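Notes to accompany the following structure.
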Amino acid sequence: FNLASFIDRQDLLLRNSRAKFMLCMIDLLQCSRVTVEHNRAEDGYAITRARGGDQFLRHVGNWSRGVSHQCRWWGGNANDTRKLKPGDEGWGTATQVKRYSRDTDPDYNKYTVGAFDIMVVNNYAEYGTTLAWGAKGRQVIFQGNIARFMGDYALGSEGGENIIFNGNIVINSF
């Protein structure tokens, strides 16, 4: 289960919370101006999961152990060759991104929504898959994070633009 789930909401704050054995502490769909800071999680899937057109996400000062993806965003298909075949709905959309796209729009395509203005700053994670990862992120900053013993790349963005990595420490990660 999720501690909190929001669809198309703004100005959200999750601060100083703790969770164990939970899917997500905060699950977002098409939300904006979200701050997730100083939380602690163990043995779960994510502290922050943003999917489908989220923007202005601040993920700051969180701690996790055994959490698959401390922060994860999904902005759509960033690789046409993965899990898609010519003729599939998402085929050919890897380079397309639409800001402010909503599922109620007539031309909506879940593979092109993008995720915008994401800050992943001063977090600590160990024994997970990634500290932070996403697809089709635009204007993403990874700064001052520490990741130890991650099973995949510790910090990453597929199909992203304007991605900045600054002063991060990664120890014994894949």
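Read-outs: derived from the displayed coordinates by stated rules, not from any lab. Just so it is clear, the model here is predicted, and its values are computed rather than measured. Ideal geometry is used to build each Cβ from the backbone, glycine not excepted, and the neighbour counts take in all protein chains shown.
Worth a mention:
- Point-to-point label distance, residue 95-residue 5, nm (Cα→Cβ direction, 7 Å offset): 3.6
- Protection proxy ranking, peptides 95-105, 128-138, average beta carbon neighbours within 10 Å, highest first: 128-138, 95-105
- Between region 137-170 and region 2-60, the alpha-carbon center distance in angstrom: 18
- If only the Cβ of Lys and Arg carry +1 and only the Cβ of Asp and Glu carry -1, the dipole of the chain around its Cα centre is close to 300 debye.
- Mean sequence separation of contacting Cα pairs (under 8 Å, at least six apart), scaled by the length of region 82-133, corresponds to a relative contact order of 25 percent.
- Pairs of Lys residues in region 1-140 are counted when their Cα atoms are under 28 angstrom apart and they lie 8 or more places apart or on different chains; the count is 9.
- Share of pairwise Cα separations in region 96-174, more than 18 Å, in percent: 46
- Computed FRET value (nearest 0.05) for residue 104 with residue 169, which takes r as the C-beta separation and R₀ as 30 Å: 0.10
- Percent breakdown of C-alpha pair distances by 10 Å bin, ordered from the shortest bin, for the chain: 11, 40, 35, 12, 1
- Coarse-grained scattering of region 33-100 at q = 0.29 Å⁻¹, given as base-10 log I(q)/I(0) from a Debye sum over alpha-carbon atoms: -1.19
- Cut-off 15 Å between beta-carbons: net charge of the residues surrounding residue 37, Lys and Arg +1, Asp and Glu -1: +4
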